[in-house]
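Worksheet for the structure shown next.
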Amino acid sequence: MAPHATSPPRSAASPPSTPFEHPAITVLASKRAVIAGRLTAATIIISTETGKITSIFDSILPASSFPPDTPYHDYTPHILLPGLVDAHVHLNEPGRTEWEGFWTGTRAAAFGGVTTVVDMPLNAIPPTTTVANLTTKIAAAQGKCWVDVGFYGGLIPGNSSELPGLVDAGVRGFKGFLIDSGVEEFPAVSSLDISKALSVLADSPTTVMFHAEMVPPITASVGDEVQHSDLPPMVPSGPLDHYSTFLDSRPPSFETYAIAEILSLAHLAPKLPLHIVHLSAATALPMLRAARASGVNITAETCFHYLALAAEDIAPGDTRHKCCPPIRSRSNNDELWTELQSCTGPGEADAVIQTVVSDHSPCTPSLKLLPSSVAARVDGEAEPEQAGDFFAAWGGISSVGLGLSILWTEGRKRGITVEDVVRWCCKNTAKQVGLQGTKGDLRVGYDGDVAVFDPEGSFVVEHSSMLFRNKCSPYEGREMRGVVRATWVRGRKVYDRAGGFGKGGPSGKVLLERRTV
């Protein structure tokens, strides 16, 4: 019997006679499951009253081991994984619900085995920058969540006094921008704003995260403003519908300069976890490694698109690929992979990149300014005036619910294992947002969140497999390896590849328990 089992030892050949006297359980089994980080046969018993895992056995117990009416599912040969924790999702509701919302965004998450998402504080109106605004956000989420949802607070100029109240109200962390966010209600922070926030939060059980791009004092470009001027240094390097022009306008120095600024302030709160969201520039890795080696409490995440997409492959005008920081070269991606794959074994704690997330940042198709060469037009529909303009188009990649398949498709070429995926997308993302102990692993006492994964299955990304609100993604038309066959949230099956979504409707929770250190 595995050390995580809670009942007396027994073998699969000698099933228990009366160990489960209470019928309020659901049983999931498979010859392959990632239990406490290792691949093994398993039978997982989940209380339908609490949604918690009550027992795990390292063998398959037959259905006859349980009361006659017990729901029992042997998913062999598929793999039982902990439900993914996507720690970076923009759900945008309320205020920009036409971009995305709780109902559509969490259904898309469940499709891909994601059982917990953490909603970013911006793009909704109002942003989650005050306790009152968080209350508005929570009200908008009621009855619409197919998976569990946590929330980040926002760090903007002038709201440092709100931050302790947001911690007490249950936000999982805070995010600030060091560059224009793209929405006026969420302005960038200065070094003074960051200093105030770190001082206020120094001893709080939270994480402070940064969109780490910053315009250096001298640079060949100033980002999206390049389209508005013909004067140096704002002259674009080429046509605005060429991805290389956009890439030139957001060089790696934007990221390294911002990270250097953050590191210069880290001493103000030495115990406070700091985190770089959506790291794309591999040139920032050495300074982050050095900072961690010197004791700075800082980590980074990268995204599925920075690991799977390459600048060299982006066609002119295909603004579905626009995001900030930008998708960089294939050689840059290789360096990100190398760092990510160092997050294993004895060196795991030293790795800079410890998590992979979607940064699902959707918008309406019209804001992507797609040209006819990329998007078909209906009769009478005119092509946008700035079609294919990488500077005018909204930046963001839509991918929530596709991440496991994206990572598996690309990673299997590089020798990754399902245990690696669990580490990067379940265990470590749960830890990043203070949900270790309930999410991100299959252990007794944890929530019964399970993704049933078929590593040999495949599918083509079409409208039917993009369940987020707006079907606009650079992954459309791509064949993916790895299919989620079913998704369970706290012992309740919310999605099944064959049968769709449960008739009972959404039962996801908003996660508002205050973090602990």
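The values are calculated or read from the model by the stated rules, or taken from the named source; none is laboratory data. Fair warning: this is a prediction, and the values are worked out from it, not measured in the lab. Counting neighbours? That spans all protein chains shown, and the Cβs are built from the backbone with ideal geometry, glycine included. Each accessible area value is taken on the protein alone, full model and side chains, heavy atoms only, with ligands, DNA and RNA left out. Shrake-Rupley method; radii C 1.70, N 1.55, O 1.52, S 1.80 Å.
Suppose every K and R has +1 on its Cβ and every D and E has -1 on its Cβ; what is the size of the dipole of the range 275-415 about the Cα centre, in Debye to the nearest 20?
Details: 11 positive and 16 negative charges, 70 e Å.
That gives the range 275-415 a dipole magnitude of about 340 debye.
Within the range 308-413, report the chymotrypsin sites (Phe, Trp or Tyr not before Pro) that DSSP leaves as loop and that have at most 12 other Cβ atoms within 10 Å. Before the final figure, lay out each step's value.
On the way: sites: W337, F390, F391, W394, W408; in loops: F390, F391, W394.
Sites meeting the loop and neighbour criteria: none at all.
On the protein heavy atoms, probe 1.4 angstrom, tell me the percent of accessible surface of the chain carried by carbon and sulfur. Could the numbers behind the result be given before it?
Values: 10150 of 18920 Å².
About 54 percent, which is the carbon plus sulfur part of the accessible surface.
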For peptides 476-485, 173-182, 260-269, 457-466, sequence by mean Cβ density within 10 Å, most packed first: 173-182, 476-485, 260-269, 457-466
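Let me spell out the model: positive unit charges on the Cβ of Lys and Arg, negative unit charges on the Cβ of Asp and Glu, origin at the Cα centre of the range 363-517. What dipole size does that give, in debye rounded to 20? Don't jump to the answer; show the numbers that get you there.
Values: 23 positive and 18 negative charges, 186 e Å.
Value, rounded to 20: 900 debye.
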The chain: relative contact order as a whole-number percent, Cα under 8 Å and 6+ apart: 20
Per-peptide average of other Cβ atoms within 10 Å, ordering 280-286, 252-258, 500-506 highest first: 252-258, 280-286, 500-506
Selected from N123, M466, I314, residue furthest toward positive end of dipole (the chain; charges at beta carbon): M466
Residue among Q142, W408, L28 farthest towards the positive dipole end of the chain, charges placed on Cβ: L28
Nearest-ten-degree value, helix 330-341 long axis tilted from longest Cα axis of the chain: 40
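So if I place +1 on the C-beta of Lys and Arg and -1 on the C-beta of Asp and Glu, and nothing else carries charge, what would the dipole magnitude of the chain be about its Cα centre? I want it in debye, nearest 20. Display every interim value, and only then the final one.
On the way: 43 positive and 54 negative charges, 364 e Å.
The dipole of the chain has a size of about 1740 debye.
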Heavy-atom surface of the chain, accessible at 1.4 Å and reported per residue (Å²): 37
Whole-Hz ³J(HN,Hα) from phi, Karplus 6.51 cos²θ - 1.76 cosθ + 1.60, for the range 383-392, glycine and proline x: 5, x, 4, 9, 3, x, 7, 5, 8, 7
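Among DSSP beta bridges lying fully in the chain, give the percent that are antiparallel, nearest 5.
Numbers: 32 of 65 bridges.
Rounded to the nearest five, the antiparallel share is 50 percent.
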Correct choice for P(r) over Cα pairs in 20 Å bins from 0, in percent that was computed from the model, options (i) 23, 56, 19, 2, 0; (ii) 19, 50, 28, 3, 0; (iii) 18, 39, 23, 15, 6, 0: (i)
For the range 479-495, 3J(HN,Hα) per residue [Karplus equation, 6.51 cos²θ - 1.76 cosθ + 1.60, θ = phi - 60°, Hz, x = Gly/Pro]: 8, 10, 9, x, 10, 7, 8, 7, 10, 10, 10, 6, x, 10, 6, 9, 8
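Which order, highest average first, do 100-110, 58-68 follow once you tally other Cβ atoms within 10 Å for each residue and take the mean per peptide? Kindly include the intermediate steps, with their values, before the conclusion.
Working: 100-110: 27.7, 58-68: 16.1.
Listed from highest to lowest mean packing, they are 100-110, 58-68.
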Crossing angle, helix 252-265 versus the chain [Cα axis fit, 0-90 degrees, rounded to tens]: 70
Amide H partners (placed H, <5 Å) of G153, local residues excluded: R172, G173, F174, K175
Under 18 Å from the Cα of K427 - lysines, other chains or at least 8 residues apart: K52, K439
Listed pairs K271/K431; K322/K509; K413/K493; K137/K322; K322/K471 exceeding 25 Å between Cα atoms: K322/K509; K413/K493; K137/K322
Under-5 Å amide H pairs with R478, H placed in peptide plane, nonlocal only: V461
Note, ³J(HN,Hα) from phi for the range 38-43, Karplus 6.51, -1.76, 1.60, rounded to Hz, x at Gly and Pro: 10, 7, 7, 5, 7, 10
